[in-house]
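The values are calculated or read from the model by the stated rules, or taken from the named source; none is laboratory data. These numbers come from a predicted model, not from an experiment. Here Cβ is always computed from backbone atoms with ideal geometry, including for glycine, and neighbour counts include all displayed protein chains.
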């Protein structure tokens, strides 16, 4: 079929083609090869909604273990809360349901078991899989949609993936199961404990394809819990417990000649995350490299330190090391690439977890009106601070403490003032944060005339974040606490160091 399809198109190479031309040719090839579709469906009618809509469905699979039935239901997939009124929520698609069961993990001959059409938001059929065995729907991500399962099926999948037969499920399907679990939990479709249980098999996972979705979810969930310091510290410890053995044992700390590109890529990502959470060997190496710059007789002539070492030093190093970086920005020569200065300023703002460093930067760039810092620099600083809880909490407190002075400073630069207020207030996710922003709005309402609409939106956004936090944070906290209690002493030592924000001894 593929050869005939390509030959047909190669014979018409001189003409232009449209999507419908491709669909018509595919339908012709389908009929010639006796491949059937449900009555009333064509490739064109199936494909159009998938291509033209900016949404995809989620298919929820619910198995009734008493009656032996299985139900498939389609809904519009949303990771965030939908608007109050949205016609897109009624979208339906023609969806091929391809199902693999635990007793027959054959991924080489996949074809639809049944079709859900646009006239079916839900269908129920007899479940031909034993109740003590799991099913996988949409294996190998044949269709462009996530899948949710009932709790029992998720638990069976989690247990199997932790067992010796894990690799009987191909890497792409393992990656999809992990990705779907975290996305379902993030969107509020089931308990976050299930999503965390689905990560337990990673301690034995070697495929970079499977690890990729985990790195994405670290970012997404980390941003949601970062304001809750104890939970965030436990989350970092859990990341450490998974990534340290991956980095040291499976990938290797030292690049090897002629190693595959994916391995170098994975090593870089793993090392970056480990450095971010305070992995001692990484921080030590970064500070040793940075020390060479500090000892340079002419440090403003150039930066001999690779970019990968800068952020760990500004995050976990001393105030002296951070101040040295600030001096390099202030004294930056005009004949050097300004992109180097921008990177340095961004890491000075975005990497520290010590509020003293951030307060120092805000004083220098905003209150002191240092001529070395432009309006673009100020914008870069406050927008970068939204990337960490320490950053935006310190920025908020700074704005509150210096409100009158800063309002006067930016009285004729409304875009900077609006952006500053938005950055200082919009990232909170907890009740404490909501109360702080609400109090500021109440006390300074007369000053909010130009940014009143901004504050109204900010308060609404925080309320939505707060709903997510109240629902998920206690579950995440409990799971992490129980899991880390069973971890080895090396993880507990890491947790005690980084949770108290211990600064490592000065590099030699």
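In this structure, does residue 118 turn out to be touching a residue at least 60 places away in the same chain (Cβ under 8 Å) and surrounded by 14 or more Cβ atoms within 10 Å (Cβ to Cβ)?
yes
Of the residues 212, 259, which single one is out of contact with any strand residue (DSSP E or B) (no Cβ under 6 Å at 6 or more places or on another chain) and free of Cβ contacts under 8 Å to residues at least 24 places away in the same chain?
Just one listed residue meets the conditions, 259.
In the range 275-294, what residues are modelled with pLDDT of 95 or more and under 26 Å from residue 365 (Cα atoms)?
287, 290, 291, 293, 294
Going by what's in this entry, would residue 414 be described as touching a residue at least 24 places away in the same chain (Cβ under 8 Å) and surrounded by 12 or more Cβ atoms within 10 Å (Cβ to Cβ)?
When the stated conditions are applied, residue 414 does not pass them.
Hey, could you check the range 193-203 for residues that are surrounded by fewer than 23 Cβ atoms within 10 Å (Cβ to Cβ) and assigned to a helix (DSSP H, G or I) and say which is modelled with the lowest pLDDT?
Looking at residues that are surrounded by fewer than 23 Cβ atoms within 10 Å (Cβ to Cβ) and assigned to a helix (DSSP H, G or I), I get 203.
Tell me which residues, restricted to the range 179-188, are on the phi < 0 side of the Ramachandran plot, surrounded by fewer than 23 Cβ atoms within 10 Å (Cβ to Cβ) and in contact (Cβ under 8 Å) with a residue 60 or more places away in the chain.
183, 186, 187
Considering only residues of the range 149-178 that are under 19 Å from the mean Cα position of the chain (by Cα) and under 20 Å from residue 62 (Cβ atoms), which is surrounded by the most Cβ atoms within 10 Å (Cβ to Cβ)?
Of everything passing the filter in the range 149-178, 177 is surrounded by the most Cβ atoms within 10 Å (Cβ to Cβ).
Residues checked against (1) surrounded by fewer than 10 Cβ atoms within 10 Å (Cβ to Cβ); (2) modelled with pLDDT under 70; (3) in contact with a helix residue (DSSP H, G or I) (Cβ under 7 Å, 6 or more places away or on another chain); (4) within 29 Å of residue 135 (Cα to Cα):
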residue	(1), (2), (3), (4)
14	yes, yes, no, no
34	yes, no, no, yes
56	no, no, no, yes
60	no, no, no, yes
68	no, no, no, yes
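Yes or no, residue by residue, for (1) surrounded by 12 or more Cβ atoms within 10 Å (Cβ to Cβ); (2) part of a helix (DSSP H, G or I); (3) at pLDDT 85 or above; (4) out of contact with any helix residue (DSSP H, G or I) (no Cβ under 8 Å at 6 or more places or on another chain):
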site	(1), (2), (3), (4)
40	no, no, yes, yes
44	yes, yes, yes, no
63	yes, no, yes, no
72	yes, no, yes, yes
83	no, no, no, yes
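Of the residues 391, 433, which single one is outside any loop (DSSP other than H, G, I, E, B), in contact (Cβ under 8 Å) with a residue 12 or more places away in the chain, over 25 Å from residue 311 (Cα atoms) and out of contact with any strand residue (DSSP E or B) (no Cβ under 8 Å at 6 or more places or on another chain)?
433
Restricting attention to the range 470-486, and to residues there that are crowded, with 17+ Cβ neighbours inside 10 Å and within 17 Å of residue 190 (Cβ to Cβ), which single residue is farthest from the chain's Cα centre (by Cα)?
479
With respect to the numbered conditions (1) more than 24 Å from the chain's Cα centre (by Cα); (2) more than 17 Å from residue 199 (Cα to Cα); (3) outside any loop (DSSP other than H, G, I, E, B), which one is the sole condition not fulfilled by residue 133?
The one condition residue 133 does not meet is (3).
Would you be able to tell me the number of residues in the range 273-307 that are in a helix (DSSP H, G or I) and closer than 23 Å to residue 240 by Cβ?
17
For residue 50, state whether it is part of a loop (DSSP other than H, G, I, E, B), within 28 Å of the chain's Cα centre (by Cα) and over 30 Å from residue 460 (Cα atoms).
Here the answer is no, as residue 50 does not meet what is asked.
Within the range 208-258, how many residues turn out to be outside any helix (DSSP H, G or I) and buried (at least 16 other Cβ atoms within 10 Å of the Cβ)?
3
So residue 28 clears everything in (1) under 34 Å from the mean Cα position of the chain (by Cα); (2) surrounded by 12 or more Cβ atoms within 10 Å (Cβ to Cβ); (3) assigned to a helix (DSSP H, G or I); (4) at pLDDT below 90 except one condition, right? Which one?
(1)
How about the range 90-105: which of its residues are within 15 Å of residue 137 (Cβ to Cβ) and in a loop (DSSP other than H, G, I, E, B)?
93, 98, 102, 105 - these are the residues of the range 90-105 that are within 15 Å of residue 137 (Cβ to Cβ) and in a loop (DSSP other than H, G, I, E, B).
For residue 153, indicate whether it is in a helix (DSSP H, G or I) and under 23 Å from residue 266 (Cβ atoms).
When the stated conditions are applied, residue 153 does not pass them.
On the basis of being at pLDDT 90 or above and in contact with a strand residue (DSSP E or B) (Cβ under 8 Å, 6 or more places away or on another chain), does residue 164 make the cut?
In short, no.
Taking the conditions exactly as written (more than 25 Å from residue 54 (Cβ to Cβ) and in a loop (DSSP other than H, G, I, E, B)), does residue 163 satisfy them or not?
So residue 163 fits the description; yes.
Can you pull out the residues in the range 365-386 that are surrounded by fewer than 18 Cβ atoms within 10 Å (Cβ to Cβ), assigned to a helix (DSSP H, G or I) and over 31 Å from the mean Cα position of the chain (by Cα)?
367
Which of the numbered conditions does residue 352 fail, given that it passes all the others? Conditions: (1) modelled with pLDDT under 95; (2) part of a loop (DSSP other than H, G, I, E, B); (3) surrounded by 15 or more Cβ atoms within 10 Å (Cβ to Cβ).
That leaves (1) as the condition not met.
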